[in-house]
Structures are given as C-alpha cells and as structure tokens.
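Every read-out reported here was derived from the displayed coordinates using simple, explicitly stated rules and does not represent laboratory data. Nothing here was measured: the structure is a model prediction, and the numbers come from that model. Virtual Cβ from ideal backbone geometry, glycine too; neighbours counted across all protein chains shown.
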Amino acid sequence: MPASINLTQAARQALTLLDLTSLNATDTDADIESLCQQAKTPFGHPAAVCIYPQFIVTARRALTAHTLSGQVKIAAVTNFPDGGADIMGAARETREAVASGADEVDVVLPYRTLIDGDEDTCLEFVEMCQAACGGQALLKIILETGELETPALIKRASEIAIEGGADFIKTSTGKVEVNATLEAAEIMLNAIKDSGQDVGFKTAGGIYTTADAAAYLALATDIMGPAWITSKHIRLGASDLLPSLVATLTGNTGTASGASV
C-alpha cells in the first residue's frame with residue numbers, strides 16, 4: 001500500500017458512510033432530536049442514525065423536520081447489547097422495530113452460544129431475524145468480535161451470519177472491553193469476499209478520529225476494491241466521529257501513515 005492517505009478525502013467519504021450513533025442508557029427524546037440535528041452538516045449527511053427502538057418515531061419526526069427524511073436511514077438495535085440466545089424474543093423485537101419504522105436493524109448474534117460450539121442455534125437465529133425484517137429493512141448482524149477473540153471464531157461467525165442471510169456483518173456493540181479492530185475487520189471482509197455474496201461490512205466501537213476511519217476505509221478498499229466503498233456496502237458506527245470529520249473538512253487537513261484510500 002502507498003505510505004500515506006489524504007485525510008480530507010477520507011473525511012468526505014467517511015461522513016457519507018457514518019452510522020451516527022446514540023446508544024446510552026440515559027438517552028431521551030431530546031438527545032435523539034439533537035443527534036438528528038447533528039446529521040445535517042455543511043458537507044452532507046451520514047448514512048444513518050443508530051438508536052434504541054423506542055426512539056424510532058422521535059428520530060423519524062426529527063429527520064423530517066431537518067429535511068433529511070429518506071436520506072438518512074434509521075437503524076435500531078435489538079438483542080442489544082447482551083446477545084442472548086432467545087431466538088423468538090430477538091425475532092419479535094426485530095419485527096417490532098421494523099413495524100415502528102426502522103430501515104435497518106442491528107442485531108447482536110448470540111456469540112456466547114457460538115463460543116460454546118452451537119453453530120446451529122446461531123444460524124437459526126440469523127435466519128429468523130432476517131425473516132422478521134420481512135424484506136422491509138436491512139439486517140446487520142453484530143458479531144461482538146472482541147469477545148470471540150480467535151481469528152477462526154471470528155471467521156466462522158462471519159460465515160454463519162452470511163449463510164443465514166445477513167445484509168451486513170458488524171464488528172461490535174461498543175459495550176465490551178474490546179470492540180472494533182483492524183485485525184477483526186480484515187477477517188470479516190475476507191469472509192465476505194470469499195462468500196461471493198452481496199453482503200456489507202460495518203465497524204463499530206472505538207472509532208473517534210478521521211485517521212481511525214481512514215484506516216478502515218483503506219483496508220476495505222484494499223480487499224474489496226474502490227467501487228465497493230459505498231453506503232450500501234460499508235458503514236462506520238460511531239457516536240464521537242462526526243466532530244473530527246467536520247473539523248478535518250473545515251481545514252484541519254493532513255495525511256496519516258500506513259494506508260491508502
């Protein structure tokens with residue numbers, strides 16, 4: 001790879017791929033309204049806002065007020081963050097989120113079940129959650145890669161999620177000690193490539209700066225090719241990234257070592 005990247009270019013690209021996130025236990029309607037207001041920037045808007053299901057209606061109303069309805073998707077989380085193995089419960093929660101107006105649902109895989117060696121339950125879980133989306137919303141399966149730990153298990157989780165019909169595979173909830181890493185992202189992206197399926201990738205947890213975002217975009221570009229880098233295929237889930245992207249685009253430009261976008 002070339003030794004440097006242009007951070008301004010990376011920031012411009014990353015902003016369009018951002019899932020602007022608020023998943024705090026203390027979130028209120030006012031917090032979500034503020035989140036949606038932040039989505040309107042002088043440089044465009046993120047791909048989605050990612051919130052708890054009880055705020056879907058609030059987000060829809062706020063996005064409409066800021067003339068972003070239909071442009072910024074609403075992603076809701078389910079089976080979150082614990083990743084329990086109650087298949088019917090997760091499917092019901094997912095179905096209710098879609099009925100409330102979610103465009104996308106980020107569902108935590110029962111990763112402890114996979115660690116215990118029960119692949120069949122995990123596959124059925126993904127299949128049932130995809131069925132619950134009813135063709136009306138994208139299914140993003142959160143693997144919780146920091147808890148899976150081994151490359152082999154991260155790869156297998158990716159394969160199961162893809163086989164079960166996930167539209168995206170996602171690294172993390174952002175609620176555990178180890179969240180997104182470039183090492184896990186590389187395994188997941190290669191699993192997508194090897195599958196030959198039209199599946200997207202989302203990294204989340206610990207992405208704070210333009211340089212952080214640029215590193216993931218560089219990796220995805222290297223593995224999947226530049227044409228793949230659109231909001232239909234890659235997302236960056238973060239609550240604190242947007243200010244850094246905007247700061248870069250307002251004049252704090254530069255380069256970072258190690259990758260190329």
With contacts defined as alpha carbon pairs under 8 Å and 6 or more residues apart, what's the relative contact order of the chain in percent? 24 percent
With a 10 Å radius around each residue's Cβ, average the other Cβ atoms per peptide and rank 116-124, 100-108, highest first. 100-108, 116-124
Work out which chymotrypsin sites (Phe, Trp or Tyr not before Pro) in the chain are exposed loop sites (DSSP not H, G, I, E or B, at most 15 other Cβ within 10 Å) and give the longest gap free of them. 44-207
Whole Å is fine, so just give me how far the alpha carbon centre of segment 101-122 lies from that of segment 152-222. 15 Å
Under a point spin-label approximation (7 Å from Cα along Cα-to-Cβ), what is the Thr67-Arg112 distance to one decimal in nm? 4.9 nm
Name the residue from Tyr208, Leu148, Thr67 whose Cα lies farthest towards the positive end of the charge dipole of the chain, charges +1 on Cβ of Lys and Arg and -1 on Cβ of Asp and Glu. Thr67
Value of [θ]222 nm, deg cm²/dmol, for the chain, DSSP H segments ≥ 4, -39500 (n - 2.57) each, nearest 500: -14000 deg cm²/dmol
For segment 154-225, run through the GluC sites (Glu not before Pro) and keep only the ones in DSSP coil with at most 12 other Cβ atoms within 10 Å of their Cβ. Glu177
Quick check on the exposure proxy: order Met128, Met88 from fewest to most C-beta atoms within 10 angstrom. Met88, Met128
At R0 = 35 Å, how high is the FRET efficiency between Met88 and Asn24 if r is their beta carbon distance? Nearest 0.05 is fine. 0.80
With +1 on each Lys and Arg Cβ and -1 on each Asp and Glu Cβ, how big is the dipole of the chain about its Cα centre, in debye rounded to the nearest 20? 1060 debye
For segment 72-210, what is Rg from Cα atoms divided by 2.2 N^0.38 Å, rounded to two decimals? 0.94
